[in-house]
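Structure first, then comments.
The values are calculated or read from the model by the stated rules, or taken from the named source; none is laboratory data. The shown structure was predicted, so the numbers you read here are calculated from the model rather than taken from an experiment. Here Cβ is always computed from backbone atoms with ideal geometry, including for glycine, and neighbour counts include all displayed protein chains.
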Amino acid sequence: MYLSSIEERMIKGEFGAAKALALKVIVKVGEALGAQELVEVGHAHISGVSYFNVGDAGLEFIEDLVLSGGSVEVFTSANPYMVMSDYLGVGHGDGVVDKQLRIIKALDKLGVKFYTCAPYNVRPPRLGEHLAWAESNAVLYSNTVLGALSNKEGGPLALLAAITGRTHKSGVHLLSNRKPKVLVNVVGVGEVELGFLGLMIGELIGERIPYILGLSFRSTYSLKSFLAGLGTTSNTPMAIVDGVTPGYKELVSDAAYEEFFKISGEDVKSYIKKFSSDVAGGRGLYLIGCPHLSYNELVSVLKMLIDEVSSMSGLPDLSDRELWITTYEGFVDRGVKEMLNKLMRYNIKVIGSSCAVVSRLDLLKVNYVVTDSSKACSYISRLCKVPVVVLPTKKLIKTFLTGGLSLSL
């Protein structure tokens, strides 16, 4: 692999042992993938920072990087960590929380700026900017919607890219590799089904880039939900969505498709049935914000909640359930806190920089989850072994406040 003079000096250790080790690993990975050179990145985003993801070995690895003098070279963010607040009076325990705090402290020392699974909400990348992002929904959003360039990096490799400011120039960093291999024609799929459509397409395409026709999105939230679903069941770094992806006409102009799929609304409804869960009652967690809400989305959800409670005649019995709304903690400003004050009696929490998916909900004695996210549904049912029901956002809010859980989408 060709290295610039600065990269040669870095790999020889002139900028410290941490940068030298990090660059050696990136070069080895790049050579294995056929990369001929490195590319400088403007933003690195690390995944897998929950203690339940990385365990003691990951904690020690991150702390060792700090001890060896490591620090990030470029703007760096990271995925959310485990939820450290309690749920209906049950917490994860001081030992686990202490280790999570050590991970955050070490990452802060390395130079991580913030924690969210939606870094594009906080620092949107520029068109054509090279990134080293490891979170699947963020990679898909940056490539598909914003026209940035990022492979779906592994969490450790994204951390090493942050330390060096570089990654291997391969995959979709090269325009020649951003061509679609699969054509998907979507017909009659409703707004609330888009997340599951993403899951469904992801299972069909694997690592290949799809060109998707027939989609329309009423909001950024539904677009995020679709891409989050797609990233949950596939390894593709991007989709080319007709009318959405920057330069999509050029990208598909000479495409050679390996497969064609037509997906109808009825196909998606049939697919959704396999996610049906039997909920026997007990302690429920209602979840909004997977991926994390943007500031405007957060305010919109809080307004819906305030409108709903204002129309109620009394305080409902919420002793068996909580509502978590997850977002970037920097969005919890004075205005948001004032809105939350109006909801303080209703077991509603806005949780910043954390994620229910990377928490052990079973250890918190959660009996079932209700969410508006197909991504959360897929992960929580598999990782936490907790039954999950998916409802549209407005119906979820009404069900949380009034009870009477419905299992139908």
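Annotations
- Neighbours by Cβ (under 7 Å, 6+ apart or cross-chain): first from the range 323-345, loosely packed, with under 12 Cβ neighbours inside 10 Å; second not hydroxyl-bearing (Ser, Thr, Tyr): ARG345/LEU315
- Of the residues screened, ASP307 is not one that is in a loop (DSSP other than H, G, I, E, B) and of a type in the set (Asp, Glu).
- Matching residues, the range 1-60, being free of Cβ contacts under 8 Å to residues at least 60 places away in the same chain and among the aromatic types (Phe, Trp, Tyr): TYR2, PHE15, TYR51
- Any hit, the range 119-138, residues being at positive phi and either free of Cβ contacts under 8 Å to residues at least 24 places away in the same chain or touching a helix residue (DSSP H, G or I) at 6+ places or on another chain (Cβ under 7 Å) (or both): yes
- Looking across LEU287, LEU302, one residue alone is outside any loop (DSSP other than H, G, I, E, B), in contact (Cβ under 8 Å) with a residue 60 or more places away in the chain and not basic (Lys, Arg). It is LEU287.
- Checking SER294, SER373, SER310, SER354 one by one, the residue that is at negative phi, more than 22 Å from the chain's Cα centre (by Cα) and hydroxyl-bearing (Ser, Thr, Tyr) is SER310 and no other.
- Of all residues making up the range 201-220, the number that are touching a strand residue (DSSP E or B) at 6+ places or on another chain (Cβ under 8 Å) and surrounded by 20 or more Cβ atoms within 10 Å (Cβ to Cβ): 6
- Of everything in the range 237-275 that is in contact with a Ser or Thr (Cβ under 8 Å, 6 or more places away or on another chain) and part of a helix (DSSP H, G or I), the residue that is surrounded by the fewest Cβ atoms within 10 Å (Cβ to Cβ) is PHE275.
- Among residues of the range 1-34, those that are within 27 Å of the chain's Cα centre (by Cα), surrounded by 14 or more Cβ atoms within 10 Å (Cβ to Cβ) and within 19 Å of LEU149 (Cβ to Cβ), counted: 3
- Odd one out for SER359, checked against (1) crowded, with 21+ Cβ neighbours inside 10 Å; (2) assigned to a helix (DSSP H, G or I): (2)
- Answer from LYS349, LYS375 - the residue that is in the same structural domain as VAL386 (by TED's automatic domain parsing) and in a strand (DSSP E or B): LYS349
- Residue ID - farthest from PRO156 (Cα to Cα), chosen from residues in the range 1-44 that are outside any helix (DSSP H, G or I) and polar (S, T, N, Q): SER4
- In the range 256-284, the residues that are closer than 16 Å to PRO210 by Cα reach residues that are basic (Lys, Arg) with C-beta atoms within less than 9 angstrom, at least six apart or across chains, in these pairs: ALA256/LYS179; ALA256/LYS181; TYR257/LYS181; GLU258/LYS181; GLU258/ARG208; GLU259/LYS181; GLU259/ARG208.
- Only one entry in VAL192, VAL184 is surrounded by fewer than 23 Cβ atoms within 10 Å (Cβ to Cβ) and not charged (D, E, K, R), namely VAL192.
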